[in-house]
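Values quoted throughout were computed directly from the atomic coordinates according to the rules given, and no laboratory measurement underlies them. A quick note: this is a predicted structure, and the numbers were derived from the prediction, not measured. All Cβ positions, even for glycine, are placed from backbone atoms using ideal geometry, and neighbour counts span all protein chains on display.
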Amino acid sequence: MAKHKKKKKKKHNTVSLGRILAVCALLLIMAGISRLVAHDASDRPSALPDDNRSVRIPAQELMKVVTNPALDSRLLNYKAMDVSFNPRMHEPNWVAWELTADETNGDIKRSSQFYSDDSVEGCAETYDYLYSGYDRGHMAPAGDMKWDATAMRETFCMVNICPQAKVLNTGAWKRLEEKCRSVARTDSAIIIICGPVLTDTLRDFIGDNRVAVPKRFFKVILSPYTTPVRGIGFIMPNDRVKGGMQATAVSIDEVERITGHDFFSALPDSIELAVEKECDFNSWSNRR
């Protein structure tokens, strides 16, 4: 009996050891599969871009605008700015440019010499503004072009000019230009697009060429190299701005709705959708 029990016990130990080895092998196989799946998931590129990252799209692509098809447009390229010029209105539909942090530190002196470009059909003459009661208002400001003499001079071409009330030109519009320079220094570079709102009923016409006087102006600003990408829009009356520039802040989506233009379509769709619905002036203005 003792011998029989011993053999039975040995058989029992053999079976138990086999079961243990089988379980261990199964666990090792499962662990290996888990590591393989995890490795595969981490290496697989995301189907959608991460909304919390900056983008690496050339500035020239970000400056492109799909112009409202109801407006006459001739695309003009200058050293530092792109212009959609409207020969019927004798002013730009929009002007786009990039402003980098380094470019805000230039020392080129202001040109102040306005001129008409005879090669551009419908370009206004400087005398169209005489005794009109309106300033020759820059869209791309001379203050953004202190880094290059040619870029500075070209901002005084009449293709970059619109009739602006002095209280706007020297008030909220100027302060917004200064704020943009501050943001460019903080965010390394920004894309700016601005112009008259030509979908409104026009306020007036001035000069021999009957240059259109808009009731409102728009500006959109994109910081493509921040994390996350950020942007904001502004709609300002061609008059005194009550409440300061912050009172005129809107989303880029709202500017698109008002103007009929499409901005920043070169952005990945998910980033464009997120950025263009933003309207947080305090966050945009106070970023450090």
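Applying the Karplus parametrisation 6.51 cos²θ - 1.76 cosθ + 1.60 with θ = phi - 60° to the phi angles of segment 172-189, what ³J(HN,Hα) value in whole Hz is obtained for each residue in order, glycine and proline being reported as x?
Those phi angles translate into 4, 5, 5, 5, 5, 4, 5, 5, 4, 5, 5, 5, 4, 5, 6, 9, 6, 6 Hz.
Output the pairs from 146/179; 109/219; 109/174; 79/179; 179/219 with a Cα-Cα distance over 20 Å in this structure; if there are none, say none. Before the final figure, lay out each step's value.
Numbers: 146/179 16 Å; 109/219 25 Å; 109/174 18 Å; 79/179 23 Å; 179/219 12 Å.
Beyond 20 Å between Cα atoms: 109/219; 79/179.
For a quick size check, give me the Cα extents of segment 59-286 along its three principal axes, largest first, whole Å.
Sorted largest first, the three principal extents are 49, 39, 33 Å.
Explain nothing, just the number: dipole magnitude of segment 59-286 about its Cα centre with +1 on each Lys and Arg Cβ and -1 on each Asp and Glu Cβ, in debye rounded to the nearest 20. Show your work: numbers first, answer last.
Details: 25 positive and 33 negative charges, 160 e Å.
About 760 debye.
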